[in-house]
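Novice: Okay, handing you the structure first.
Nothing in this text is a laboratory measurement; each read-out follows from the coordinates by a stated rule. Predicted model, so just to flag it, every value in this text is computed and none were measured. Heads up, the Cβs are rebuilt from the backbone with ideal geometry, glycines too, and the neighbour counts pull from every protein chain shown.
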């Protein structure tokens with residue numbers, strides 16, 4: 001069985017992507033309106049009060065994935 005790389009260093013940063021999308025839209029208000037999101041929600045995500053949910057991630061072309069990685073050194077003895 002091939003082992004997948006668990007290195008997640010190239011994963012996009014949704015907050016950075018959001019800020020870039022807002023910059024391209026011209027303002028947070030314009031971004032929210034174009035995306036069909038409330039300005040309050042976009043503001044909460046930007047300020048870290050809420051995590052970017054499925055609606056924001058979809059607009060940014062992202063999806064949330066969870067991964068696990070081994071802790072080095074491996075200390076479990078079974």
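Novice: At a Förster radius of 22 Å, what calculated FRET efficiency corresponds to the Cβ-Cβ distance of residue 51 and residue 30, to the nearest 0.05?
Specialist: FRET efficiency, residue 51 to residue 30: 0.45.
Novice: Kindly rank 30-41, 56-67 from highest to lowest mean number of other beta carbons found within 10 Å of each residue.
Specialist: 30-41, 56-67
Novice: Let me ask something else. Express in nm, to one decimal, how much length is gained between residue 39 and residue 69 on full extension, taking 0.36 nm for each residue of separation and deducting their alpha carbon distance.
Specialist: 7.2 nm
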